[in-house]
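This report concerns only the one structure given below.
Here, each number is a calculation from the coordinates, and none is a lab measurement. All figures in this text were calculated on a predicted structure; none of them were measured in a lab. Cβ placement follows ideal geometry from the backbone for every residue including glycine, while neighbour counts extend to all protein chains displayed.
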Amino acid sequence: MEQLAGKVAIVTGASKGMGRHFVAALVAAGARVAALARPSAELDSLAAEHGERVLALPCDVTDSAAVNAAVEAAAAHFGRIDVLVNNAAVYHPFAFESGSDAIIRQHLEVNVLGVAWPIRAAIPHLRQTQGQIVSISSESVEMPFPMLALYAATKAAVETLSEGLRAELRSDGIRVSV
């Protein structure tokens, strides 16, 4: 039985790794999926692999306008949004003292803003369907590993944001989980 038949999910960071597995699992459960990721052959191959059940949308999650456009394209294409899976993240071990401005900025933009922008864009749609926001975190929040302090801090920010939004969105029927 397809538990998610008729449901529509958005998955960020969908082209490879865990994101690709989330897309496959959601499709197997009956959902249709808007797969967001930076443009790549891997992203293009998702639609070929899953057919009409997957809409591949090239999107940089650090660009709020691009995220807004992708969420609206997903809603227009599928007619609704029931689930947002915030999976996109960067994970580059580095000694904080010698971390470049670019790598520090990339962690903050992808791992924090890349979660905030999709949530903000999806809330009006999730309110209509009483949907769910799922954000992927890491055990490093509880055990920050050397060379991954900033990564752990960004995932702690995701958990704190999710906790606050859980209370803020509860009355709208939107579930928030990590």
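Lys/Arg Cβ at +1, Asp/Glu Cβ at -1, dipole of the chain taken about the Cα centre: which of A69, A88, V110 is farthest positive-ward?
Value computed over the given set: A69.
Output the 0 to 90 degree angle, nearest 10, between the alpha-carbon long axis of helix 64-78 and the longest principal axis computed from the alpha carbons of the chain.
The helix 64-78 is inclined about 20 degrees to the chain.
Using the Cα centre as the reference, give the magnitude of the dipole from point charges on the C-beta atoms of segment 89-163 (Lys, Arg: +1; Asp, Glu: -1; all else neutral), rounded to the nearest 20 debye.
340
How much length, in nm to one decimal, is gained on full extension between M143 and D63, taken as 0.36 nm per residue of separation minus their Cα-Cα distance?
25.8 nm
Could you work out the helix-only [θ] at 222 nm for the chain, with each DSSP H run of four or more residues adding -39,500 (n - 2.57) and the total divided by the number of residues, to the nearest 500 deg cm²/dmol?
-15000 deg cm²/dmol
To the nearest 10 degrees, how steeply does helix 17-28 sit against the main Cα axis of the chain, on a 0 to 90 scale?
20
What does the net charge come to around V67 if you take all other residues with beta carbon closer than 13 Å to its beta carbon, with K and R at +1 and D and E at -1?
-2
Can you give me the angle between helix 114-129 and the longest principal axis of the chain, using Cα atoms only, in degrees from 0 to 90, rounded to the nearest 10?
That works out to roughly 30 degrees.
Once the other residues with Cβ under 14 Å from the Cβ of P39 are scored (Lys, Arg +1; Asp, Glu -1), what is the net sum?
Neighbourhood net charge equals -2.
Under a point-charge model restricted to the Cβ atoms of Lys and Arg (+1) and Asp and Glu (-1), what is the dipole moment magnitude of segment 1-148 relative to its Cα centre, in debye to the nearest 20?
With only Lys, Arg, Asp and Glu charged at Cβ, the dipole is about 400 debye.
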